[in-house]
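Please read the structure below before turning to the comments.
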Amino acid sequence: MRIAELSRRSGVAVPTIKFYLREGMLPPGERTRPNQAQYDDDHVRRLRLVRAMVELGGLSVAAVRDILATVDSPTDDLDALMGTVSKGLTQAPEEVDEGALDEVIALIEEMGWTCTREHPAARSLAMVYTAAREIDHPQLIAAMRQYAEASVQIARADLDYVENFTGIDRVLESVVVGTVLGDSALAALRKLAQTSESHSRYRQDDPPPE
């Protein structure tokens, strides 16, 4: 297919496709003439993955290139590939309180999870611990075990969703989509559940608020 057809099928504008080609985020097509190239379904899949990481995940060009380098490496370690994408989607703070990070690692070990101190999510959670104490809400930290236990079910649902797809690009695209849209969905579901739980605990005769 020509680049115009690639644009139509992938939903990515031609100038953006050319930018991705220049940046090495999309492999070149097969040259048919000096200024023309043919593309195939692999290019469509790769563009969808790049689009998901850039538009949904908000990743930088450099981060996307790093992830794609891992995707294109000669490995069949899906766990490592998914971990690379997941870490790329998490903005880790540069500095954290080491004491708070120790507490996070203790929770991780208590849950039997396999994460290191350098994992972006662990460092982000340490920032939550620090902020909770600074605003005098240590009770939030005490509730982290409950949050962690609930997260196990969510993680299983995430992986069940990912397993609907085949092919590395599509699987990793589903990780991006599932993480970004899943975070939004979880935030909405949490608020709905809070409204229902509040009504169940504290309701009087009036209907729950809109």
Check which residues have an amide H placed less than 5 Å from A37's amide H, if you skip close sequence neighbours.
I3, T32
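Using 0.36 nm times the number of residues separating F19 and L159, minus their current alpha carbon distance, what extension gain do you get?
Details: separation 140, 0.36 × 140 = 50.40 nm, distance 3.23 nm.
47.2 nm is the gain from fully extending F19 to L159.
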If you project the alpha carbons of the chain onto the principal axes, what extent comes out on each, in Å, largest first?
72, 46, 29
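Which of the helices in the chain, when you take each full DSSP H run, stretch at least 18 Å along the axis at their Cα atoms and have an average Kyte-Doolittle score of 0.5 or higher? If you can, show how the numbers build up before the last one.
Working: long enough: 98-111 (20 Å, 0.60); 120-134 (21 Å, 0.13); 144-162 (26 Å, -0.22); 168-202 (48 Å, 0.17).
The answer, listed by residue number, is 98-111.
Is the C-alpha gyration tensor of region 1-64 telling us rounded, prolate or oblate? Criteria: a/c under 1.5 is rounded; beyond that, a/b larger than b/c is prolate, otherwise oblate. Don't skip to the end; give the middle numbers.
On the way: a/c = 2.22, a/b = 1.67, b/c = 1.33.
It is prolate, given that a/c is not under 1.5 and a/b is the larger ratio.
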What is the sum of charges around I3, taking Lys and Arg as +1, Asp and Glu as -1, for the other residues whose C-beta is under 15 Å from the C-beta of I3?
+3
Hz values of 3J(HN,Hα) by residue in region 24-30 - Karplus curve (6.51, -1.76, 1.60), Gly and Pro given as x
x, 8, 9, x, x, x, 7
Give me the one-decimal nm value for the distance between modelled label points at D41 and S60, 7 Å along each residue's Cα-to-Cβ direction.
3.6
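FYI, it's all coordinate maths here, none of it is from the lab. As the structure is a computational prediction, the values presented were derived from the model and not from experiment. All Cβ positions, glycine included, derive from the backbone under ideal geometry; neighbour counts span all protein chains shown.
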